[in-house]
């Protein structure tokens with residue numbers, strides 16, 4: 001799977017679940033921590049989750065090494081992660097590393113909110129934007145010029161939303177897509193104003209994570225004074241759009257966002273207008289697409305039946321009739337080329353006689 005990170009929050013809507021990592025590799029952990037101070041409350045580190053096809057869970061990778069695994073039961077509790085990996089993206093999460101006296105080593109826990117708040121239900125905005133780091137929650141006043149109907153929010157019930165923050169009359173307006181959800185309070189608007197203006201000067205929209213819990217929405221992001229140099233010069237559009245639609249239970253979602261239909265049926269919630277539903281007309285159109293065939297053969301249509309020709313079996317020379325266990329191939333010996341010994345000997349005798357005649361003639365001429 002190509003490594004394109006997809007950051008996920010460690011906390012959301014006031015919740016954070018610790019998911020213990022199994023089979024921790026102590027050697028790799030200590031090699032990572034050789035220059036870090038490990039406090040009593042542990043240290044948070046960035047890790048990625050790689051699909052483990054052997055266990056149907058995930059491998060937990062920190063920088064250059066795999067430090068442990070998450071079982072298949074974790075994947076069942078967080079089915080939303082399949083949307084990320086199925087979109088050819090790699091989940092990027094936070095993990096807590098701390099000393100475990102009971103185990104006599106280091107323990108690792110992957111930090112994630114409850115499953116229904118892990119992955120946003122809407123696509124990120126189009127254009128250039130930045131995502132504010134996580135921070136303390138700021139409640140959204142839904143009564144101040146909200147454009148999103150209450151029944152639409154009620155259908156989502158519990159969800160993570162990607163919202164755009166902008167300044168309107170010294171207040172921070174929170175927009176879901178192109179519609180206003182509400183505004184932040186005066187105090188929260190004041191501590192976010194400078195950050196929004198800073199990113200606007202860079203040509204970036206300011207986006208944050210918001211968490212819907214029933215009829216309440218909170219924006220959880222860092223304030224201006226909490227942004228470091230890396231956050232003030234951020235990565236542009238860090239979250240790609242997910243290619244797989246979100247799962248939704250028929251008639252409404254549960255608090256876990258997981259279908260509990262006894263028949264095992266799922267329905268699809270389509271958050272993006274780019275997703276095209278499959279219809280009978282589309283299926284028929286797909287069937288009528290041109291087939292690819294060899295240029296040496298006539299084209300085969302979708303309904304043409306290729307005749308089957310029966311080839312009569314003929315006895316093969318060299319195979320002894322009988323059952324399969326008695327059949328064998330009798331190989332005839334290949335002819336061996338004979339070396340021309342006799343013709344070679346004849347030429348040697350002729351050459352020897354000629355040399356003898358020449359010798360005798362020379363002897364006769366000298367002494368005759």
task: Name the one entry in 99, 118 that is within 30 Å of residue 71 (Cβ to Cβ) and under 25 Å from the mean Cα position of the chain (by Cα).
output: 118
query: Got at least one residue in region 42-49 being under 14 Å from the mean Cα position of the chain (by Cα) and not assigned by TED's automatic domain parsing to the domain that holds residue 209?
result: yes
task: Starting from region 204-224, take each residue that is free of Cβ contacts under 8 Å to residues at least 24 places away in the same chain and on the phi > 0 side of the Ramachandran plot and list its partners that are in a strand (DSSP E or B) and surrounded by fewer than 23 Cβ atoms within 10 Å (Cβ to Cβ), counting only C-beta distances under 7 angstrom and pairs at least six apart or across chains.
output: none
message: Suppose the filter is touching a strand residue (DSSP E or B) at 6+ places or on another chain (Cβ under 8 Å), without any contact (Cβ under 8 Å) to a residue 40 or more places away in the chain and not assigned by TED's automatic domain parsing to the domain that holds residue 28; does residue 168 pass it?
response: yes
- prompt: Would region 188-201 turn up any residue that is surrounded by 13 or more Cβ atoms within 10 Å (Cβ to Cβ), more than 30 Å from the chain's Cα centre (by Cα), without any contact (Cβ under 8 Å) to a residue 24 or more places away in the chain and under 23 Å from residue 239 (Cβ atoms)?
  reply: yes
field: All positions within region 199-216 that are touching a strand residue (DSSP E or B) at 6+ places or on another chain (Cβ under 9 Å) and assigned to a helix (DSSP H, G or I)
entry: 199, 200
- line: Filtering region 55-76 for residues that are part of a helix (DSSP H, G or I) and buried (at least 18 other Cβ atoms within 10 Å of the Cβ) leaves a count of 2
message: For the list (1) farther than 23 Å from residue 243 by Cα; (2) in contact with a helix residue (DSSP H, G or I) (Cβ under 8 Å, 6 or more places away or on another chain); (3) at pLDDT below 95, I need the number of the one condition that residue 144 fails.
response: (2)
task: Scan region 132-165 residue by residue and report those that are closer than 19 Å to residue 239 by Cα and assigned to a strand (DSSP E or B).
output: 159, 160, 161, 162, 163, 164, 165
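Residue by residue, here is whether (1) touching a strand residue (DSSP E or B) at 6+ places or on another chain (Cβ under 8 Å); (2) more than 28 Å from residue 211 (Cβ to Cβ) holds:
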| residue | (1), (2) |
| --- | --- |
| 5 | yes, no |
| 11 | yes, no |
| 22 | yes, yes |
| 55 | yes, yes |
| 74 | yes, no |
| 86 | no, no |
| 93 | yes, no |
| 98 | yes, no |
| 112 | yes, no |
message: With the structure loaded, tell me whether residue 99 is in contact with a helix residue (DSSP H, G or I) (Cβ under 9 Å, 6 or more places away or on another chain) and either surrounded by fewer than 19 Cβ atoms within 10 Å (Cβ to Cβ) or touching a residue at least 12 places away in the same chain (Cβ under 8 Å) (or both) or whether it fails that test.
response: no
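The values are calculated or read from the model by the stated rules, or taken from the named source; none is laboratory data. Here the structure is a predicted model, which is why all the values come from computation and not from measurement. Neighbour counts run over all protein chains shown; Cβ positions are idealised from the backbone, glycine included.
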